[in-house]
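Data block below; observations after.
The values are calculated or read from the model by the stated rules, or taken from the named source; none is laboratory data. Because the structure is predicted, anything quoted here is derived from the model rather than measured. Methodologically, a virtual Cβ is constructed for each residue, glycine included, from the backbone with ideal geometry; neighbour enumeration extends over all protein chains shown.
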Amino acid sequence: MKIRDILKSEEPHISFEVFPPKTDAGYDSVLSATRKIAALKPSFISVTYGAGGGTSKNTVSIATQIEKDFGVTSLAHLTCVSSTKEEVHRVIDQLKENQIENILALRGDIPSESEFPLPSHYRYASELIEDIRKQGEFCIGAACYPEGHVETEHKKDDIRNLKHKVDCGVDFLTTQMFFDNNILYNFLYRIREKGITVPVLPGIMPVTNKKQIARIGGLSGTILPERFRAIVDRFGDDPGAMQQAGIAYATDQIIDLIANGVNHIHVYSMNKPEVAEAIMRNLSEIVA
Ligand code: FAD
């Protein structure tokens, strides 16, 4: 099913995200986690794409199994900046062959200079989106950044670039994680004012261990509110307590979003079915 049709519903919905294994050896354990997440009947499950395309085979394969074996709509991520057009077209063809209808079209992070020269076939996600539109009848999602993308100095430039990207053929947007819902509400106000009208799915990350916090610190610009910092300070060294508190914090964010009329929320469940299950349990009377 196309995600743009799922998003027409006015009932609250939760979707989850998984990431593919870096090597084939890890495939079965990722699949087993994905099966448990699919059993929660989310509105869809997204499958990330390794920077540089290294895991493209597994992204396509897991997205296909989500649809065919678990009966849940899937969203395959696809990045372009480190790939040639031929490589990207090959992945699009594989998605088509496997009847995957939804693609999250991304530029990808620019690798450090020392890694390898970029093919320079695509500079921005908007160019990939135009290209996918020519390749078939896909429903296309794209990324957005309520706190601004790390490379853009001024948020207004980021929103101008976002408007151009959406106008290239985006059906919906998914946000980078944020920990203060007011940031999302402010962002929605600003993009609607600039004529960006497609549905926006807030991306919520349940932070369940200290390592994740170090990684979030690397996403410069992500504001960690005092209330969140206090939780990490108090529970960061106790894995069980941190997991419970992180899930409660994310649940709180989701309930506030739904209470404020945001019906479709994407949860970065990170191959952890126990986290996805706990979130769904907490929302059992709220989400159908
Ligand atoms: P773009 O939309 O191309 O934007 C990149 C930068 O270029 C921004 O600063 C933007 O303002 C600027 N820009 C855009 N267009 C123009 C223009 N025409 N002129 C001048 N400047 C412009 N990475 C992965 O490797 N794999 C994944 O699976 C993955 N999934 C993600 C999912 C979500 C929901 C999000 C939010 C991010 C994800 N990422 C993933 C990370 C993403 O690849 C990086 O954040 C990347 O740096 C930007 O990708 P983008 O598609 O947003 O780029």
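What the table shows:
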| item | result |
| --- | --- |
| Top-ranked residue of the range 1-46 - restricted to ones that are under 17 Å from the mean Cα position of the chain (by Cα) and assigned to a loop (DSSP other than H, G, I, E, B), ranked as surrounded by the fewest Cβ atoms within 10 Å (Cβ to Cβ) | 2 |
| Members of the range 123-142 that are without any contact (Cβ under 8 Å) to a residue 40 or more places away in the chain and either of a type in the set (Gly, Ala, Ser) or within 9 Å of the ligand (Cβ to nearest atom) (or both) | 142 |
| Failed condition for residue 103, given (1) under 23 Å from residue 83 (Cα atoms); (2) among the β-branched types (Val, Ile, Thr); (3) near the ligand (Cβ under 8 Å from one of its atoms) | (3) |
| Top-ranked residue in the range 49-87 [being of a type in the set (Ser, Thr, Tyr) and under 27 Å from residue 284 (Cβ atoms); ranked as surrounded by the fewest Cβ atoms within 10 Å (Cβ to Cβ)] | 73 |
| Wholly enclosed strands (runs of 3 or more DSSP E) of the range 55-158 bearing at least 1 residues polar (S, T, N, Q) | 74-79, 102-106 |
| Scope the range 29-65; condition within 15 Å of the ligand (Cβ to nearest atom), out of contact with any His (no Cβ under 8 Å at 6 or more places or on another chain) and within 18 Å of residue 6 (Cβ to Cβ); matching residues | 44, 45, 63 |
| Residue check for residue 203: within 14 Å of the ligand (Cβ to nearest atom), in contact with a helix residue (DSSP H, G or I) (Cβ under 7 Å, 6 or more places away or on another chain) and modelled with pLDDT of 95 or more | no |
| Within the range 150-159, tally of residues that are without any contact (Cβ under 8 Å) to a residue 60 or more places away in the chain and near the ligand (Cβ under 8 Å from one of its atoms) | 4 |
| Selection from the range 259-273 of residues that are more than 16 Å from residue 174 (Cα to Cα), touching a residue at least 12 places away in the same chain (Cβ under 8 Å) and not in a loop (DSSP other than H, G, I, E, B) | 273 |
| Residue among 8, 2 that alone is within 27 Å of residue 280 (Cβ to Cβ), away from the ligand (no atom under 16 Å from the Cβ), of a type in the set (Lys, Arg) and without any contact (Cβ under 8 Å) to a residue 24 or more places away in the chain | 8 |
| Selection status of residue 172, under 19 Å from the mean Cα position of the chain (by Cα) and crowded, with 21+ Cβ neighbours inside 10 Å | yes |
